[in-house]
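Only one structure is covered here, and it is reproduced in the block below.
The values are calculated or read from the model by the stated rules, or taken from the named source; none is laboratory data. Treat the numbers as computed from the prediction; the structure is a model and nothing was measured. Ideal geometry is used to build each Cβ from the backbone, glycine not excepted, and the neighbour counts take in all protein chains shown. Heavy atoms of the whole protein, side chains included, go into the accessibility calculation; ligands, DNA and RNA do not. Shrake-Rupley method; radii C 1.70, N 1.55, O 1.52, S 1.80 Å.
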Amino acid sequence: ARMALTRAEYQALENSVGEGKDKVSGKAPFSSSFSSSSRMITKIFTPSRVIWMFVVVNLLNYVDRGIIPGAPNQFQSFIHATTSVPESSESTYLGLLQSVFIASFSVAVVVAGNFVHIYPPFKVMGGGLAIWCVAVFISGFARPLSSFNVLVLGRALSGVGEASFQCIAPAFIQDYAPNS
């Protein structure tokens, strides 16, 4: 197997960024991970659609990430009602919610970063976003169930779901972003 590119191949590769496929091989970026359906994926997910999809998902991720610090009074009253802890300890439980999210995110980002070498990146991101949706659903049931533990589980899964997107999306953006 030839490892080095000729000057013409390198130039063609540089010019192909943002067009959805490599002009040298004719394959989509990350093609070593893609299955035979990659051609269909690159037709559906044009570079501009991919970028806008990432912008929207990233915005939702940041809203989710900042919800606890953004509404501390509501979460403290929920903590007080569900755990029966003294008012002086509520901030500890509030910190636990953020810590569980960051801890699960930190572990999952390493796992997702390794999965991208085994599975197609869109499938890894899709799986992560599915986990994130389930996490939001679970978090929504914490109040009707009056369960702080359910909310902790939802926050932990939310970190896992966001991790897949945050570690894979930058490489996709670099490959699909149109040249300026």
Considering the range 113-133 alone, what residues qualify as being open to solvent by 30 Å² or more (accessible area, probe 1.4 Å) and closer than 17 Å to I102 by Cα? L129, I131, W132
Going residue by residue through the range 71-78, is there one that turns out to be in a helix (DSSP H, G or I) and in contact with an Asp or Glu (Cβ under 8 Å, 6 or more places away or on another chain)? yes
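For the range 140-152, indicate whether the set of residues that are hydroxyl-bearing (S, T, Y) and over 16 Å from Y62 (Cα atoms) is non-empty. Give the derivation first.
Our first condition is that a residue be hydroxyl-bearing (S, T, Y); within the range 140-152, this holds for 146-147.
With the extra rule that they be over 16 Å from Y62 (Cα atoms), the set shrinks to 146-147.
Scanning the range 140-152, I find at least one residue that is hydroxyl-bearing (S, T, Y) and over 16 Å from Y62 (Cα atoms), so the answer is yes.
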Considering only residues of the range 47-105 that are surrounded by 14 or more Cβ atoms within 10 Å (Cβ to Cβ) and acidic (D, E), which is farthest from M125 (Cα to Cα)? E90
Can you tell me which residues in the range 134-180 are open to solvent by 80 Å² or more (accessible area, probe 1.4 Å), assigned to a helix (DSSP H, G or I) and of a type outside the set (F, W, Y)? R143, P144, L145, N149, L153, Q174
